[in-house]
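Below: the structure, in structure tokens.
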Amino acid sequence: MRVEYQPRTIALLAELPHPPVEPDARALQQVHNQLFEGGPPPYVSFQPVPGGVVLSNPGGRQGVVSQVALLQDRVQFREERTALTPEDFARRVIQVLEAALPSRGVLGVHGCQVTLRSLVNPRHWDDSRALMREGVFGVKDELEALGREPGLFGLRFSFPAEQDELPMDLRIESYHNDPRSLFLELQAVRGPLAVPDGLEQVAEHIHAAYRFLVDRALPFVARYDLRPAR
């Protein structure tokens, strides 16, 4: 079932824990330099932090974050409210990992957790709280038992690993910053990977997570995003 929503990605996150390595300022600086050698670098700023370094781009607007933290025991990517698409993000993650991990003597990562956050506008509801309350939950006067009106309505699904499917957590909620928008968050985890041979699987993991959001989560929403009864 293909649904004509237009998801707006507001956050792309990835974390890859790996065996601890000693912080080496020279090696980290060489990673930064290497990223500049291949053309426009993914990150322009270099900031030492305890246990590593943060490479980043200036935000320009409130709430914008574009950075990667190369730490003793993990690599953390954060793209929040930037123009990066999931495809762009996957390419950036691979570019940085290929430069950062082998040069620091990291031969493998323990796993990869990807988090995608998107907003969509329901087609038939002006308020996502009403969509969740009435369309999804079918709740009306029953909430009077609580004595208060919730400010947020949401669902959370936890999918275990099975056959070729990786474990995932999915949240679908009304969005406190804009009642017209519905918030979706997907967290997907995969297991250990070798460096550098297995790094392309990180890109596929990001693509698979986004496909789940678009091809499965949005059709689920569409089943309830119907014209409300008057």
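The values are calculated or read from the model by the stated rules, or taken from the named source; none is laboratory data. Not measured: the values here are computed from a predicted model. We place every Cβ from the backbone using ideal geometry, glycine too, and count neighbours over all the protein chains shown. Protein only, heavy atoms only, side chains kept; ligands, DNA and RNA dropped before computing areas. Shrake-Rupley method; radii C 1.70, N 1.55, O 1.52, S 1.80 Å.
Condition test on PRO50, is it open to solvent by less than 80 Å² (accessible area, probe 1.4 Å) and of a type outside the set (Asp, Glu)? Reasoning before the result, please.
Details: open to solvent by less than 80 Å² (accessible area, probe 1.4 Å): no; of a type outside the set (Asp, Glu): yes.
No, not satisfied.
When the strands (runs of 3 or more DSSP E) confined to region 95-197 are screened for residues that are crowded, with 20+ Cβ neighbours inside 10 Å, of a type outside the set (D, E, K, R) and touching a residue at least 40 places away in the same chain (Cβ under 8 Å), those reaching at least 2 such residues are found at 112-120, 168-174, 182-190. Quick one: how many residues across region 82-93 are modelled with pLDDT of 95 or more and surrounded by fewer than 17 Cβ atoms within 10 Å (Cβ to Cβ)? Of the residues in region 82-93, 4 are modelled with pLDDT of 95 or more and surrounded by fewer than 17 Cβ atoms within 10 Å (Cβ to Cβ).
Before we move on, is GLN76 in contact with an Asp or Glu (Cβ under 7 Å, 6 or more places away or on another chain), open to solvent by 40 Å² or more (accessible area, probe 1.4 Å) and not basic (Lys, Arg)? It would help to see each step written out before you state the result.
Details: in contact with an Asp or Glu (Cβ under 7 Å, 6 or more places away or on another chain): yes; open to solvent by 40 Å² or more (accessible area, probe 1.4 Å): yes; not basic (Lys, Arg): yes.
Criteria met by GLN76.
Considering only region 105-131, how many residues are under 21 Å from ARG91 (Cβ atoms) and at pLDDT 95 or above?
Our first condition is that a residue be under 21 Å from ARG91 (Cβ atoms); within region 105-131, this holds for 106, 109, 111-118.
Then drop every residue that is not at pLDDT 95 or above, which leaves 109, 111-118.
Residues in region 105-131 being under 21 Å from ARG91 (Cβ atoms) and at pLDDT 95 or above: 9 in total.
Determine whether region 219-227 contains at least one residue that is in contact with a Pro (Cβ under 8 Å, 6 or more places away or on another chain) and either more than 30 Å from PRO20 (Cβ to Cβ) or not in a loop (DSSP other than H, G, I, E, B) (or both). Yes, because at least one residue in region 219-227 is in contact with a Pro (Cβ under 8 Å, 6 or more places away or on another chain) and either more than 30 Å from PRO20 (Cβ to Cβ) or not in a loop (DSSP other than H, G, I, E, B) (or both).
Is one or more of the residues making up region 41-48 in contact with a helix residue (DSSP H, G or I) (Cβ under 6 Å, 6 or more places away or on another chain), in a loop (DSSP other than H, G, I, E, B) and either closer than 15 Å to ALA99 by Cβ or among the acidic types (Asp, Glu) (or both)?
To start, the set of residues in region 41-48 that are in contact with a helix residue (DSSP H, G or I) (Cβ under 6 Å, 6 or more places away or on another chain) comprises 41-42, 46.
From the residues that got through so far, the ones that are in a loop (DSSP other than H, G, I, E, B) too are 41-42.
Still in the running and either closer than 15 Å to ALA99 by Cβ or among the acidic types (Asp, Glu) (or both): 41-42.
Within region 41-48, one or more residues are in contact with a helix residue (DSSP H, G or I) (Cβ under 6 Å, 6 or more places away or on another chain), in a loop (DSSP other than H, G, I, E, B) and either closer than 15 Å to ALA99 by Cβ or among the acidic types (Asp, Glu) (or both).
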